Each structure stands twice: as C-alpha cells, then as structure tokens.
C-alpha cells in the first residue's frame with residue numbers, strides 16, 4: 001500500500017545525539033512494521049489463505065537545530081576535521097562518527113536541519129523515477 005502522507009515535526013533546538021537516537025528509533029519502528037507485515041504474506045505460491053493486512057508505513061520530515069556539532073560519515077576521514085579536542089572544546093563543539101555516508105558535516109545554531117525518514121516504497125521504487133535527468 002502506498003502512503004505519500006508525510007508527518008512534519010519541529011523539534012526545535014535539540015542535542016545532536018538525542019536527535020540521532022530518536023531517528024534511529026523511528027526508523028527501527030518502520031522496519032519492524034514492514035517485517036511484521038511481510039510475515040503475514042502467503043506461505044506458498046498460490047496460497048491465499050493468509051493475506052497481508054494493508055497498513056500504511058509512516059513518513060516523516062523532521063526539522064530541528066543543533067548546538068555546534070561535527071559529524072563524520074562512514075566514508076570520511078577524521079583527518080578532515082580541522083580542530084583537535086582542545087579546539088572543539090574551545091568552540092563548545094562535539095564530534096560524532098556516525099553511520100551515514102559522506103565526510104565531515106557541521107551543524108550549528110541558526111541552521112535549519114531537515115531529516116527525512118521516508119519509506120521509499122511509498123513513493124517511487126523504480127530507479128528512473130528517482131534519478132535526476134538533465135534537460
């Protein structure tokens with residue numbers, strides 16, 4: 001079942017680690033819902049006695065702001081952070097290696113951050129629908 005409804009949430013100023021943990025919890029709950037629904041699928045080809053219950057998986061756009069924070073993605077290098085621990089402390093910044101892609105990213109006061117948590121099956125599942133094309 002496709003659900004293109006998106007819940008918008010404004011978390012205001014929130015600690016980066018706390019926001020990350022809440023996002024991980026939301027993501028895990030969506031994955032659990034999808035797994036639970038798949039477990040209700042027919043047992044064998046042609047067996048229609050057990051049908052999946054159509055339940056919509058939720059989609060979120062979360063808006064927030066963080067105190068000074070630098071994050072490092074899986075493919076980045078800590079050497080790209082131009083501050084040592086003393087420099088981070090002086091700027092009242094924190095540093096987190098996390099499991100996203102990419103390199104160093106900075107977030108800070110006054111910057112609006114948007115985190116999408118979208119079940120892409122609810123939108124477009126074919127590559128030609130999500131790949132940008134030049135005019």
Q) Among the residues of segment 1-31, how many are touching a helix residue (DSSP H, G or I) at 6+ places or on another chain (Cβ under 7 Å) and modelled with pLDDT of 95 or more? A) 1
Q. Hey, among the residues in segment 59-77 that are in contact with a helix residue (DSSP H, G or I) (Cβ under 9 Å, 6 or more places away or on another chain) and in a loop (DSSP other than H, G, I, E, B), which one's nearest to residue 118 (Cα to Cα)?
A. 59
Q: Hey, could you check segment 102-128 for residues that are part of a strand (DSSP E or B), loosely packed, with under 14 Cβ neighbours inside 10 Å and within 14 Å of the chain's Cα centre (by Cα) and say which is modelled with the lowest pLDDT?
A: 116
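Okay, residues lined up against (1) part of a helix (DSSP H, G or I); (2) surrounded by fewer than 14 Cβ atoms within 10 Å (Cβ to Cβ); (3) modelled with pLDDT of 85 or more:
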| residue | (1), (2), (3) |
| --- | --- |
| 33 | yes, no, yes |
| 37 | yes, no, no |
| 57 | no, no, yes |
| 79 | yes, yes, yes |
| 86 | yes, yes, yes |
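The values are calculated or read from the model by the stated rules, or taken from the named source; none is laboratory data. The structure displayed is predicted, hence computed values, not measured ones. Note that we place each Cβ from the backbone using ideal geometry, even for glycine, and neighbour counts take in every protein chain shown.
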